[in-house]
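Asker: Mind having a look at this structure? Questions to follow.
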Amino acid sequence: MDTELAHAYDRCRELHRRHGRTYYLATRLLPAWKRRHVHALYGFTRYADEIVDRTDGLPTAERASQLDDWGGRFLAGLHGQQVDDPLLPAVLHTIAVFDLDRNDFASFLKSMAMDLTVSSYPSYRHLLDYMEGSAAAIGTMMLPILGSADPAAAREPARQLGFAFQLTNFIRDVAEDLDRGRTYLPDEDLDRFGVTRHELAEARSRGQATPAIRALIAFEVARAQAHYAAAARGITLLAPGSQACMRTAYALYGGILDEAAAQDYDVFARRAVVPRRRRLAVAARSLLAPVGTPVSLPGPPVTGGAAARLPLPRPTAP
């Protein structure tokens with residue numbers, strides 16, 4: 001491997017280590033040769049996210065220009081042009097090694113551009129359109145790297161796991177997203193529980209949710225559980241060497257739902273995070289679990305089939 005490519009992979013790994021602690025821990029359970037490729041995909045998605053979220057002091061047009069410029073260099077690299085970038089060589093190398101679907105990357109960049117102009121979503125179906133690029137596409141990007149004896153059967157669970165992880169992040173980060181002027185809780189859900197954006201902002205200011213907000217978050221937790229349930233069978237469809245990694249990621253991201261429930265769904269009182277001791281214990285159990293061990297649905301028990309009644313996206317053709 002040449003020096004430039006090695007440095008690009010190192011840059012992606014550092015971004016992953018610094019910003020994706022939960023997933024970085026899970027990735028350490030992969031075979032060594034796979035890890036750098038997962039770091040490359042994380043680096044790609046994180047760098048785009050940095051352009052969108054860490055430049056929010058700049059005018060929207062300037063941020064859009066930065067994202068377009070970076071996306072343009074990426075597309076040029078896909079067409080064989082030499083790119084001058086600290087991490088894109090690693091991403092392009094990973095795409096070539098696994099022949100990853102270029103459409104997934106275009107879909108992801110489209111969703112990142114939406115974050116520059118879209119601050120709310122009327123319905124969950126509208127939010128799912130956004131998450132097709134920001135979440136489901138990442139699941140299908142990852143699948144060839146993780147490997148599966150039956151990729152067609154594993155594809156939809158991989159998409160569902162992307163939705164589950166993203167919705168979990170939205171639940172955890174309600175306060176942080178409000179600070180950026182965004183809400184990823186659909187308008188129809190706010191209306192269902194009689195919650196306004198002003199009330200969300202007030203709860204953010206005082207660090208305490210109202211009963212109506214807590215009921216709303218409990219509903220979103222049940223919705224996330226529906227995605228985790230749809231993703232569960234996919235873990236055992238993965239290559240044996242990848243199952244411990246994804247079993248760990250499944251349990252740790254899902255553990256955020258447990259933490260939200262433990263604080264009575266008050267995501268404004270404190271950020272729902274899984275304690276370090278539990279993260280390490282989960283990783284150890286996953287590493288020791290026999291290949292083919294099924295995962296357990298995260299979050300509190302759902303009564304009355306509530307999660308099962310929530311709408312999920314239609315599977316896409318493999």
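Asker: Which of the residues that make up the range 112-158 are exposed (fewer than 15 other Cβ atoms within 10 Å of the Cβ), not acidic (Asp, Glu) and not in a helix (DSSP H, G or I)?
Answerer: 118, 119, 122, 123, 149
Asker: Turning to a different aspect of this structure: Under 6 Å by Cβ, and 6 or more places apart or on different chains, what pairs join a residue from the range 164-175 that is open to solvent by 10 Å² or more (accessible area, probe 1.4 Å) with one that is small (Gly, Ala, Ser) and part of a helix (DSSP H, G or I)?
Answerer: 166/135
Asker: Within the range 163-184, how many residues are in contact with a helix residue (DSSP H, G or I) (Cβ under 9 Å, 6 or more places away or on another chain) and under 19 Å from residue 254 (Cβ atoms)? So that I can check it myself, show each step before the final result.
Answerer: First, pick out the residues of the range 163-184 that are in contact with a helix residue (DSSP H, G or I) (Cβ under 9 Å, 6 or more places away or on another chain): 163-172, 174-175, 177-180, 182-184.
Adding the requirement that they be under 19 Å from residue 254 (Cβ atoms) leaves 163-172, 174, 184.
The qualifying residues number 12.
Asker: Continuing with the same structure: Residue pairs, Cβ under 8 Å, 6 or more apart or interchain, first in the range 17-29 and small (Gly, Ala, Ser), second modelled with pLDDT of 90 or more and surrounded by 15 or more Cβ atoms within 10 Å (Cβ to Cβ). List them.
Answerer: Partner pairs satisfying both residue conditions: 20/42; 20/46; 26/245; 26/246; 26/248; 26/249; 26/252.
Asker: Filter the range 7-38 down to residues that are open to solvent by 30 Å² or more (accessible area, probe 1.4 Å) and of a type in the set (Gly, Ala, Ser), then give me how many there are.
Answerer: 1
Asker: Go over the candidates 244, 231 one by one and state the one that is closer than 23 Å to residue 285 by Cα, of a type in the set (A, V, I, L, M) and either open to solvent by less than 10 Å² (accessible area, probe 1.4 Å) or not in a helix (DSSP H, G or I) (or both).
Answerer: Working: 244 fails: either open to solvent by less than 10 Å² (accessible area, probe 1.4 Å) or not in a helix (DSSP H, G or I) (or both).
On inspection, the qualifying residue turns out to be 231.
Asker: So, in the range 50-70, of the ones that are touching a helix residue (DSSP H, G or I) at 6+ places or on another chain (Cβ under 7 Å) and closer than 23 Å to residue 183 by Cβ, which residue ends up surrounded by the fewest Cβ atoms within 10 Å (Cβ to Cβ)? If you could, list the steps in order and put the result at the bottom.
Answerer: Narrowing the range 50-70 to residues touching a helix residue (DSSP H, G or I) at 6+ places or on another chain (Cβ under 7 Å): 51-52, 55, 60, 63-64, 66-67, 70.
Now drop any that are not closer than 23 Å to residue 183 by Cβ, which leaves 51-52, 55, 60, 63-64, 67.
Details: 51: 21, 52: 19, 55: 15, 60: 11, 63: 20, 64: 16, 67: 19.
So the residue we want is 60.
Asker: Are there any pairs with C-beta distances below 8 angstrom linking a residue in the range 182-195 that is among the acidic types (Asp, Glu) to a residue that is open to solvent by 40 Å² or more (accessible area, probe 1.4 Å), with the two at least 6 apart or on different chains, and if so which?
Answerer: Sorted first by the residue in the range 182-195, then by its partner, the pairs are 187/122; 188/122.
Yes/no per residue for (1) farther than 30 Å from residue 292 by Cα; (2) among the β-branched types (Val, Ile, Thr); (3) under 21 Å from the mean Cα position of the chain (by Cα); (4) modelled with pLDDT of 95 or more:
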site: 180; (1), (2), (3), (4): yes, no, yes, no
site: 186; (1), (2), (3), (4): yes, no, yes, yes
site: 192; (1), (2), (3), (4): yes, no, no, yes
site: 200; (1), (2), (3), (4): yes, no, no, yes
site: 209; (1), (2), (3), (4): yes, no, no, yes
site: 217; (1), (2), (3), (4): yes, yes, yes, yes
site: 229; (1), (2), (3), (4): no, no, yes, yes
site: 235; (1), (2), (3), (4): no, yes, yes, yes
site: 243; (1), (2), (3), (4): no, no, yes, yes
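Asker: From the list 13, 46, which residue is basic (Lys, Arg), touching a Leu at 6+ places or on another chain (Cβ under 7 Å) and under 24 Å from residue 147 (Cβ atoms)?
Answerer: Details: 13 fails: touching a Leu at 6+ places or on another chain (Cβ under 7 Å).
Exactly one residue qualifies, and that residue is 46.
Asker: I'm trying to understand the selection: among the residues of the range 44-84, which are in a loop (DSSP other than H, G, I, E, B) and without any contact (Cβ under 8 Å) to a residue 60 or more places away in the chain?
Answerer: Restricting attention to the range 44-84, the residues satisfying the condition of being in a loop (DSSP other than H, G, I, E, B) are 54-59, 79-84.
Correct list: 54, 55, 57, 58, 59, 79, 80, 81, 82, 83, 84.
Asker: Has the range 253-264 got at least one residue that is aromatic (Phe, Trp, Tyr), under 16 Å from the mean Cα position of the chain (by Cα) and modelled with pLDDT under 95?
Answerer: Pass one, the range 253-264, residues aromatic (Phe, Trp, Tyr): 253.
Now narrow it down to the ones that are under 16 Å from the mean Cα position of the chain (by Cα): 253.
Now restrict to residues that are modelled with pLDDT under 95: 253.
Yes: one or more hits.
Asker: Would the range 22-38 turn up any residue that is polar (S, T, N, Q) and out of contact with any helix residue (DSSP H, G or I) (no Cβ under 7 Å at 6 or more places or on another chain)?
Answerer: First pass over the range 22-38, keeping only residues polar (S, T, N, Q): 22, 27.
Among the residues that remain, those that are also out of contact with any helix residue (DSSP H, G or I) (no Cβ under 7 Å at 6 or more places or on another chain) are: none.
Looking for residues that are polar (S, T, N, Q) and out of contact with any helix residue (DSSP H, G or I) (no Cβ under 7 Å at 6 or more places or on another chain), one finds none in the range 22-38, hence no.
Asker: Confirm whether residue 73 is open to solvent by 60 Å² or more (accessible area, probe 1.4 Å), under 22 Å from the mean Cα position of the chain (by Cα) and more than 29 Å from residue 256 (Cβ to Cβ).
Answerer: no
Asker: While we're on this one: Which pairs have Cβ atoms under 8 Å, sit 6 or more apart or on different chains, and link a residue in the range 273-293 that is at positive phi to one that is assigned to a helix (DSSP H, G or I) and surrounded by 15 or more Cβ atoms within 10 Å (Cβ to Cβ)?
Answerer: Here the result reads 292/243, each pair linking the range 273-293 to a residue that is assigned to a helix (DSSP H, G or I) and surrounded by 15 or more Cβ atoms within 10 Å (Cβ to Cβ).
The values are calculated or read from the model by the stated rules, or taken from the named source; none is laboratory data. None of these values were measured; they are calculated from a predicted model. Cβ coordinates were reconstructed from backbone atoms using ideal geometry, including for glycine residues, and neighbour counts include every protein chain displayed. What goes into the accessible areas is simple: the full protein's heavy atoms, side chains included, and nothing from ligands, DNA or RNA. Shrake-Rupley method; radii C 1.70, N 1.55, O 1.52, S 1.80 Å.
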